[in-house]
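**Q** The structure under discussion is supplied below as structure tokens; questions concerning it will follow.
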Amino acid sequence: MQPGMNWAYKTTPQSQLNSREIDYSRGKGLGGSSAINFAVWTLGPKHDYDEWARQVGDPAFNWPNTRRRFDDIENINLKVDQKYQKYFQPLAGDHGNRGRVHVECPPIWEKGMTEVADAAEEFGFPINKDINSGDPIGIGLFPSTSKGGIRNTAADAFLSDPPANLKIQINSPVHRISFEGTHAVGVEVEGNRHYTAIKEIILCAGALDSPKLLKLSGIGPRSELTQHHLPCISDLPGVGANLQDHLYAPLTLHLKPGLDDRPALFSSPTALANARTAFRTSRSGPLAHMLHTSLIYSLRHSDLSSDAAFQQLPASTQQHVLAPTVPHFEMSSQSPPLIPLPQDRSYFTVLVFFFHPQSRGSVTLASADPTAAPVCDGRFLTEEFDRVMVVRGVGAAMEFVRSPRVAERCDGVVQVPRGESEEEILEYVRENCGTSWHMTGTARMEVKGSGGQEDKMGVVDTGFRVKGVQGLRVADMSVMPFVPNCHTQAVAYQIGAIAAEKLCAEYGLN
Ligand SMILES: Cc1cc2nc3c(=O)[nH]c(=O)nc-3n(C[C@H](O)[C@H](O)[C@H](O)COP(=O)(O)OP(=O)(O)OC[C@H]3O[C@@H](n4cnc5c(N)ncnc54)[C@H](O)[C@@H]3O)c2cc1C
């Protein structure tokens, strides 16, 4: 990855992860993290959107409304060879084909993909021909945000032909929002540049930098602002609180020789150079289909509700976790190993993603210097429920890789837990997990309590307006009250679409 494309943050040493600092990459270029992500396209379960609408008390966030907006966001290519239709065949009526975000599956699937899908089906995972219908449960194929194998970023989708009244200023890090009283009036940008707002400012710096910028501008917990000698314009304790993310853990085994084509390509500089030329000049060759997609398994634990840690969750969380379309964990296979390994061997990697994290982290200021990185503390696995989900998720993945049809493809282990006990699995995850970079919730939308009381940790209202000030909104993953049970870029696009719809309605725009 080009260093100029990544803010390259790290978390603080994580107490439950053997004091490791975890990579907390964030996209830096135009298009944000969509320019450096893995391009996986998942909308998530319909019950997540309904839960979001319930929590904030606004039907704009429910599944029928978000589904309608995805039709305008997505431009899906549904063409798929007949031999793959058993695994991938979304219905045209469930998808958009007029949006700007191109979504596709590769025309040729990498060697081994369908064999592993068949092994998973035999193991008992149902095939889901469309994991993006609102019900992701089962095993299917990850579509990707690409067109003809080329990544389609948010900048490609929305900024390649900007309207005449949009001026894009690159290489311009914002240092703070300026206020007159409690009214946001402009932004101060690196190099002593100032821009004045005619109407409003919409902050979209992502779940790590939006809270940082709010705090630098005098919006956040008074005690923290005072500590850094910053003025307090709006005392909002929720700014930088409530950080949520998905951890994942990899299991890596040796694949028997000949079951994939990767070693021939990646261990030969000549073959790789030729493949790059073929792809660049005619979109052909092995790179047209290799590493383009992977299998996704969205799964549920059948007996989760009998677990003591589950029973400790608030009743509304329990209800959401048990909603029928909501996965409890996700596995993905056919991705490359995420650790450096000799390129002349084949590997079978299963990534296990843990959903419904209950641990809550924070983003705080290192100092009042706008160029200082934010202090990101995920507090991962500090809640018992999260540790239970890790043990259950990795346990289920280990069972799958030991199943006869998967085991017969493998040839010894590379990186797996030492044993199957809870302690061994947990220790393995503490030492080897990473995050999925799904940071969420650090300027969360006000949640409506049953008694109608104010949500003291709420930062924005359902119109994305920052509480206690005028002329300032936040529209990025910071505002989502909980991390959705999917990969988050589609939700980030949805947040942009909801905010746009609300602004158009307010300002009477077409
Ligand atoms: C390595 C990686 C892999 C991922 N893989 C996937 C995946 O495969 N599928 C998926 O669905 N999701 C994935 N995600 C997550 C997904 O990309 C994010 O959820 C999504 O991009 C968040 O959108 P956002 O608008 O909230 O923030 P971002 O996309 O991070 O955008 C924030 C923007 O604000 C800019 N910014 C920050 N501070 C300032 C400042 N002071 N001044 C001016 N600009 C500033 C940043 O440079 C960036 O351009 C991945 C993320 C990463 C980092």
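**Q** For residue 212, what charge total do you get from the other residues with a beta carbon under 13 Å from its beta carbon, if Lys and Arg give +1 and Asp and Glu give -1? Please list the in-between numbers first.
**A** Numbers: positive: 26, 176, 215; negative: 209, 224, 369, 476.
Value of the local net charge: -1.
**Q** Under a straight-distance cross-link criterion of Cα-Cα below 15 Å, which aspartates and glutamates are reachable from residue 448, leaving out those fewer than 8 residues away in the same chain?
**A** 50, 51, 58, 461
**Q** Only Lys, Arg, Asp and Glu count, each charged at its Cβ (+1, +1, -1, -1), so figure out the dipole size of region 127-229 about its Cα centre, rounded to 20 debye.
**A** That gives a dipole near 100 debye.
**Q** Could you work out how far helix 63-73 tilts from the main Cα principal axis of the chain, as a 0 to 90 degree angle to the nearest 10?
**A** The angle comes out near 80 degrees.
**Q** Would you work out the relative contact order for region 273-370, in percent, from Cα pairs under 8 angstrom that are 6 or more residues apart? Before the final figure, lay out the partial values.
**A** Values: 85 pairs, mean separation 22.9, N = 98.
So the answer I get is 23 percent.
**Q** I'd like to know which of 274, 487, 471 lies farthest towards the positive end of the charge dipole of the chain, counting +1 on Cβ of Lys and Arg and -1 on Cβ of Asp and Glu.
**A** Final value for the positive-end residue is 274.
**Q** Would you mind checking the tilt of helix 384-402 against the longest principal axis of the Cα atoms of the chain, expressed as 0 to 90 degrees and rounded to 10?
**A** Once rounded, the angle reads 20 degrees.
**Q** Give me the percent of the accessible area of region 5-152 that comes from carbon and sulfur atoms, probe 1.4 Å, all protein chains in place.
**A** The computed percentage sits at 50.
**Q** Additional query: What dipole magnitude, in Debye to the nearest 20, does the chain give about its Cα centre under +1 on Lys/Arg Cβ and -1 on Asp/Glu Cβ?
**A** Charge dipole of the chain: 1220 debye, to the nearest 20.
**Q** Tell me, what is the percent relative contact order of the chain, built from C-alpha pairs under 8 Å that lie six or more residues apart?
**A** Dividing the mean separation by the residue count of the chain yields 21 percent.
**Q** Can you give the FRET efficiency to the nearest 0.05 for residue 360 and residue 274, using r as the Cβ-Cβ distance and R₀ = 60 Å? Intermediate values should be presented prior to the final figure.
**A** Values: r = 50 Å, r/R0 = 0.83.
In this case the efficiency is close to 0.75.
**Q** Okay, next question. Might you report the magnitude of the Cβ-based charge dipole of region 301-420 about its Cα centre, with Lys and Arg at +1 and Asp and Glu at -1, to the nearest 20 debye?
**A** 160
**Q** At residue 420 and residue 165, where each label point lies 7 Å from the Cα along Cα→Cβ, what is the point-to-point distance in nanometres?
**A** 6.4
**Q** Using a 10 Å Cβ count of at most 14 others and DSSP loop calls, identify the longest part of the chain lacking such trypsin sites (Lys or Arg not before Pro).
**A** Answer from the scan: 284-417.
**Q** If R₀ is 25 angstrom, what is the calculated FRET efficiency for the pair residue 284 and residue 256, using the beta carbon separation as r and rounding to 0.05?
**A** Efficiency computed from Cβ-Cβ geometry: 0.35.
**Q** So, one more: Would you kindly derive the ³J(HN,Hα) couplings of region 7-12 from the backbone phi angles with the Karplus curve 6.51 cos²θ - 1.76 cosθ + 1.60 (θ = phi - 60°), listing them in order in whole Hz, with x for Gly and Pro?
**A** 5, 6, 6, 10, 6, 5
**Q** While we're looking at this one, here's another question. Using the heavy atoms of the protein chains alone and a 1.4 angstrom probe, what is the accessible area of the chain per residue in square angstrom?
**A** Details: 21950 Å² over 510 residues.
Normalised by residue count, the accessible surface of the chain is 43 Å².
**Q** Using the structure shown, list the pairs from 147/167; 83/129; 167/212; 167/199 with a Cα-Cα distance above 21 Å, or answer none. Please report the intermediate quantities before stating the final value.
**A** On the way: 147/167 26 Å; 83/129 13 Å; 167/212 24 Å; 167/199 15 Å.
Too far apart for the 21 Å limit: 147/167; 167/212.
**Q** Kindly sort 277, 349 by accessible area of their heavy atoms, largest first, with the probe set to 1.4 Å.
**A** Result, largest first: 277, 349.
**Q** First measure r as the distance between the Cβ atoms of residue 267 and residue 307, then evaluate 1/(1 + (r/R0)^6) with R0 = 56 Å and state the FRET efficiency to the nearest 0.05. Present the calculation step by step, with values, prior to reporting the outcome.
**A** Numbers: r = 45 Å, r/R0 = 0.80.
After rounding, the FRET efficiency stands at 0.80.
**Q** Heavy atoms of the protein only, probe of 1.4 Å, neighbouring chains included. What is the accessible area of residue 232 in Å², nearest 10?
**A** 40
The values are calculated or read from the model by the stated rules, or taken from the named source; none is laboratory data. Since this is a predicted model, take the numbers as computed values, not measurements. With ideal geometry, Cβ positions are generated from the backbone for all residues, glycine too; neighbour counts draw on all protein chains shown. Surface accessibility is based on the protein's heavy atoms, side chains included, excluding ligands, DNA and RNA. Shrake-Rupley method; radii C 1.70, N 1.55, O 1.52, S 1.80 Å.
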